[in-house]
């Protein structure tokens, strides 16, 4: 088992390095000169050269990458062109908000999908099953940025029950979970974000539980006179590692994929930050945000894998 | 005597035509699809959407670019603006019909290119194996470390938006999963006896791939790619929504949704319409892909 864990961690390292190379290369995907954004349009060639030299853009690429990486490792991701604040501070503050949103959405999705998937698996082939399957396909097909707008139209514009944007009253920058005036800001974003995970987790739960229910030990349980609830409990216990793995993956996807939903609800998370950086061509923020989000995703995947190994003895043996 | 005649009759019957028709694989697939009414219905929806996009100039009642300061943000059913007008007074219905062109193009083209490139790389990695496999698949793993929307936003955001850049970004996003699918399928087929036999009888690598491998891996690749179209349409419209895809004033569902969003307090129903188109298209592709997967009996 320790061998497996060590190997899995060792496997994540080259991927993390690859991620840093990709994020470093993003600057060079941008059209024109990397320092153009810092300079007035009519800057003379000498000034451009001078700036290129001070920022180190005249040195060979591998050297530039190494310098950039060494700075990134100690948390120096450069300075935002727009706000002049360190990128790392902005990203970390936004990251906390996104983690909160994604975690809430995955938890909500899990509670819905768990029940639906189990029902569909238990009544396999019935109308319930078909309904749940259709619902899960709708969940993954619905454009969540559109769903967000529709929810805003219904609950904010027409009914005026919930606020349309922001994370607290009066453009508040802090969030208090136990305060209703704050909490009501999070309801619509979480419902919007949970649609895709609901679809995915329902699908996995359904297939995992119905696979377990097809096993022979289930017949044994029934033959011994266990009531149906106990049978389902046994099936769920066996299907759980798979379901939790999908949950972890979905959490990772939401962390990176919430850009559209955060933009709609003006939720000050990483997606919102990224969108702002794109609009203002703030490349250091763009690069830093993507780097942090990708690393979070790599670590989430690692944790999911390790967790699955820990709870499912079948993996250890192989 | 009776036994004898029965036997003769059976024999002659068998000579003329087999008693039970043995259906080929594709006949089976067609048979299953013919009775899958849900998939057929959604296939019709796709055909209609494509026809609408192709024949847009002939179907659309008005010019999708014609603005009108007098009739801005009119509701559904205002005069002959059947679905209302947008913030510049353009006819929503005509723009929705024309918008299908951009949205479908941006959704489908990247999947086609990614299938060709990713499929090629995957078959190569799977068949040749060894160091080449390591090099290709480990590179793909790096791109797996990004959620697909984030990767698309990162690439097109850095390149500066625009429809062409958006399509390049989407292609890059879909190459890794397609590469992985075709690599897995190829590795499974490569170890089978008939490939060994082909090699023993002197088949070259290229001819073995063309005649023996491709026939067995195209199914899974095709099914997976058809499922990606739905995702691609969602992300493509999402990029346009963020201002990274189709540029104004061109009609595109994602872009329309983004500009109309400013007017939800004025004209809520009209603002939600472009999203309905995205949703229906994405749902139809998803359902058909699902039906095809079941009919072709492919496990991914």
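The values are calculated or read from the model by the stated rules, or taken from the named source; none is laboratory data. In this text the structure is predicted, and so the values were computed from the model without any measurement. Note that we place each Cβ from the backbone using ideal geometry, even for glycine, and neighbour counts take in every protein chain shown.
If I filter the stretch B:143-170 down to residues being within 14 Å of another protein chain (Cβ to nearest Cβ) and more than 18 Å from residue A:288 (Cα to Cα), which single residue comes out as surrounded by the fewest Cβ atoms within 10 Å (Cβ to Cβ)?
Pass one, the stretch B:143-170, residues within 14 Å of another protein chain (Cβ to nearest Cβ): B:143-162, B:164-166, B:168-169.
If we keep only those that are more than 18 Å from residue A:288 (Cα to Cα) too, we end up with B:144, B:161-162, B:164-166, B:168-169.
Working: B:144: 18, B:161: 21, B:162: 16, B:164: 12, B:165: 20, B:166: 28, B:168: 18, B:169: 26.
Here the answer is B:164.
Which is more than 14 Å from every other protein chain (Cβ to nearest Cβ), in contact with a helix residue (DSSP H, G or I) (Cβ under 9 Å, 6 or more places away or on another chain) and modelled with pLDDT of 85 or more, of B:239, B:178? If you could, list the steps in order and put the result at the bottom.
Details: B:239 fails: more than 14 Å from every other protein chain (Cβ to nearest Cβ).
None of the other options fit; the residue is B:178.
Quick check, is residue B:192 more than 11 Å from chain A (Cβ to nearest Cβ), surrounded by fewer than 22 Cβ atoms within 10 Å (Cβ to Cβ) and under 23 Å from residue B:229 (Cβ atoms)? No; evaluated as a whole, the condition is false for this residue. Based on what the data block shows, is residue A:252 over 18 Å from residue B:156 (Cβ atoms), at the interface with chain B (Cβ under 10 Å from one of its Cβ atoms) and outside any loop (DSSP other than H, G, I, E, B)? Here the answer is yes, as residue A:252 does meet what is asked.
In summary, residue A:68 fulfils each of the numbered conditions (1) surrounded by 13 or more Cβ atoms within 10 Å (Cβ to Cβ); (2) out of contact with any helix residue (DSSP H, G or I) (no Cβ under 6 Å at 6 or more places or on another chain); (3) more than 14 Å from chain B (Cβ to nearest Cβ); (4) at pLDDT 75 or above with the single exception of condition (2). Here residue B:126 does not qualify as at pLDDT below 90 and assigned to a loop (DSSP other than H, G, I, E, B). The residue of the stretch A:283-292 that is farthest from residue A:15 (Cα to Cα), among those that are surrounded by 20 or more Cβ atoms within 10 Å (Cβ to Cβ) and more than 10 Å from every other protein chain (Cβ to nearest Cβ), is A:285. Quick check on this structure: which one of B:284, B:272, B:225 is over 22 Å from residue B:158 (Cα atoms), touching a helix residue (DSSP H, G or I) at 6+ places or on another chain (Cβ under 9 Å), facing another protein chain (nearest Cβ under 9 Å) and modelled with pLDDT of 90 or more? From the options B:284, B:272, B:225, the qualifying one is B:284. Scanning the stretch A:157-169 for residues that are at the interface with chain B (Cβ under 10 Å from one of its Cβ atoms) and either buried (at least 19 other Cβ atoms within 10 Å of the Cβ) or assigned to a loop (DSSP other than H, G, I, E, B) (or both) returns a single hit, A:164.
What about residue A:236, is it within 23 Å of residue A:309 (Cα to Cα), surrounded by fewer than 21 Cβ atoms within 10 Å (Cβ to Cβ), modelled with pLDDT of 85 or more and over 17 Å from the mean Cα position of the chain (by Cα)? Explain how you work it out, then say what you get.
On the way: within 23 Å of residue A:309 (Cα to Cα): yes; surrounded by fewer than 21 Cβ atoms within 10 Å (Cβ to Cβ): yes; modelled with pLDDT of 85 or more: yes; over 17 Å from the mean Cα position of the chain (by Cα): yes.
For residue A:236, the condition - within 23 Å of residue A:309 (Cα to Cα), surrounded by fewer than 21 Cβ atoms within 10 Å (Cβ to Cβ), modelled with pLDDT of 85 or more and over 17 Å from the mean Cα position of the chain (by Cα) - is met.
Once the stretch B:246-269 is narrowed to residues that are buried (at least 24 other Cβ atoms within 10 Å of the Cβ) and part of a helix (DSSP H, G or I), the residue that is nearest to the other protein chains (Cβ to nearest Cβ) is B:257. Looking at A:140, A:150, just one residue is at the interface with chain B (Cβ under 9 Å from one of its Cβ atoms), over 22 Å from the mean Cα position of the chain (by Cα) and surrounded by 17 or more Cβ atoms within 10 Å (Cβ to Cβ), and that residue is A:150.
A quick yes/no check of all residues on (1) more than 10 Å from chain B (Cβ to nearest Cβ); (2) closer than 15 Å to residue A:85 by Cβ; (3) more than 19 Å from the chain's Cα centre (by Cα):
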| residue | (1), (2), (3) |
| --- | --- |
| A:276 | yes, yes, no |
| A:281 | no, no, yes |
| A:294 | no, no, no |
| A:298 | no, no, no |
| A:301 | no, no, no |
| A:305 | yes, no, no |
| A:313 | yes, no, yes |
